[in-house]
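The values are calculated or read from the model by the stated rules, or taken from the named source; none is laboratory data. As the structure is a computational prediction, the values presented were derived from the model and not from experiment. Note that each Cβ is placed from the backbone with ideal geometry, even for glycine, and that neighbours are counted across all protein chains shown. To get the accessible areas, we keep the full protein, side chains included, count just its heavy atoms, and leave off ligands, DNA and RNA. Shrake-Rupley method; radii C 1.70, N 1.55, O 1.52, S 1.80 Å.
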Amino acid sequence: MTSAPADEARGLLRFFVVPGALIATNWAALLGALTVIGLVPALAAATRTTSRLREQPDVAFRSTLSRALGTLRRDAPTSVLTVLMILAIGFDALFVASLPSPSRVFVAGILIPPAWATIAWISAYVRVAAESGTVSWFEVAREAMGLCVSRPLRAALAPAAVIALSPLWLLAPLTIACGFSVPPLVVGALWGAWGADAREPRTPARAHRTS
């Protein structure tokens, strides 16, 4: 018969399973993101892993890294676009800050909508890429555009979520701990199920009803 302290110890270990898997996912995604061209593949792989975190938490690091490496070539163009977008936002912010107040509001009003739409599309691309197999970049990009069109409210909220989560991206201690695992988890949940993930039954009861 198992003693009570042993049962309590195993229960305590189970409490650390998900945080440990998040940290493992974060480190794998961080390794991919450091290559720059692996930024989007790393985020997509982290989105896929964190959406299935309780299924195989002991292989979170390996599955995230292997997924990112497997889609590196396909998703590299979007990684480059993402980096250019970040640089453009930084330069635009400096430019707008140097303008007088009346012009500042006008120019900001012109620049924000396209930047907002681009961020929404990139986040949708990450969500679709997380569930896409060996399809081409064009097909993933088209599906991401379709996701934005079919879920306009979520497309409008996605950039706001990215901005709200920016401390996790930008502050080094948080970045190292969870900056590349928690944001993909939150933004992926915001977009909802897509592709293969949407076709998977969530519970045995649902699977029985749809059979």
| field | Residue that is most open to solvent (accessible area, probe 1.4 Å) [pool: residues in segment 30-48 that are part of a helix (DSSP H, G or I) and over 13 Å from A129 (Cβ atoms)] | value | L31
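Confirm whether L174 is in contact with a Leu (Cβ under 6 Å, 6 or more places away or on another chain) and among the aliphatic types (A, V, I, L, M).
yes
Residue-wise test of (1) over 16 Å from V40 (Cα atoms); (2) among the aliphatic types (A, V, I, L, M).
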residue: F95; (1), (2): yes, no
residue: V105; (1), (2): yes, yes
residue: I119; (1), (2): no, yes
residue: A124; (1), (2): no, yes
residue: E131; (1), (2): no, no
residue: F138; (1), (2): no, no
residue: R154; (1), (2): yes, no
| task | Within segment 108-122, identify whether any single residue is modelled with pLDDT under 95, open to solvent by 80 Å² or more (accessible area, probe 1.4 Å) and farther than 30 Å from F61 by Cβ, and answer yes or no. | result | yes
| note | Across (1) modelled with pLDDT under 95; (2) in contact with a Cys (Cβ under 7 Å, 6 or more places away or on another chain), G90 clears everything bar (2)
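Say we look at segment 49-75 and pick out the residues that are part of a helix (DSSP H, G or I) and hydrophobic (A, V, I, L, M, F, W, C); which of these is surrounded by the fewest Cβ atoms within 10 Å (Cβ to Cβ)?
First pass over segment 49-75, keeping only residues part of a helix (DSSP H, G or I): 49-51, 57-70, 72-75.
Cutting the leftovers down to hydrophobic (A, V, I, L, M, F, W, C) gives us 59-61, 65, 68-69, 72.
Numbers: V59: 13, A60: 27, F61: 19, L65: 21, A68: 27, L69: 17, L72: 18.
Among them, the one singled out is V59.
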| Selected residue [open to solvent by 70 Å² or more (accessible area, probe 1.4 Å) and of a type outside the set (G, A, S)] from V96, V105 | V105
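Looking only at segment 131-141, which residues are under 20 Å from V186 (Cα atoms) and either in a loop (DSSP other than H, G, I, E, B) or modelled with pLDDT of 95 or more (or both)?
Taking segment 131-141 first, the residues under 20 Å from V186 (Cα atoms) are 131-132.
The answer is S132, and nothing else.
Could you tell me whether T118 is of a type in the set (S, T, Y) and not in a helix (DSSP H, G or I)? Let's see the steps before the verdict.
Details: of a type in the set (S, T, Y): yes; not in a helix (DSSP H, G or I): no.
No.
Hey, among V105, V128, V96, which residue is in contact (Cβ under 8 Å) with a residue 24 or more places away in the chain, part of a helix (DSSP H, G or I) and either among the β-branched types (V, I, T) or farther than 27 Å from V149 by Cα (or both)? Talk me through it step by step, then tell me what you get.
Values: V105 fails: in contact (Cβ under 8 Å) with a residue 24 or more places away in the chain; V96 fails: in contact (Cβ under 8 Å) with a residue 24 or more places away in the chain.
Just one listed residue meets the conditions, V128.
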| task | Taking the options P159, P173, P167, name whichever one is in a helix (DSSP H, G or I), open to solvent by less than 40 Å² (accessible area, probe 1.4 Å) and of a type outside the set (G, A, S). | result | P159
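So which residues in segment 1-20 are in a helix (DSSP H, G or I) and either aromatic (F, W, Y) or at pLDDT 90 or above (or both), if there are any at all? Let's see the steps before the verdict.
Step one: list which residues in segment 1-20 are in a helix (DSSP H, G or I), which gives 4-15, 17-20.
Correct list: F15 only.
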| Is there a residue in segment 79-86 that is polar (S, T, N, Q), in contact with a Lys or Arg (Cβ under 9 Å, 6 or more places away or on another chain) and within 20 Å of L39 (Cβ to Cβ)? | no
| remark: A careful count of residues in segment 182-205 that are open to solvent by less than 70 Å² (accessible area, probe 1.4 Å), assigned to a loop (DSSP other than H, G, I, E, B) and either at pLDDT below 55 or out of contact with any helix residue (DSSP H, G or I) (no Cβ under 9 Å at 6 or more places or on another chain) (or both) gives 1
| query | Within segment 40-93, how many residues turn out to be free of Cβ contacts under 8 Å to residues at least 60 places away in the same chain, of a type in the set (A, V, I, L, M, F, W, C) and within 30 Å of G109 (Cα to Cα)? | reply | 11
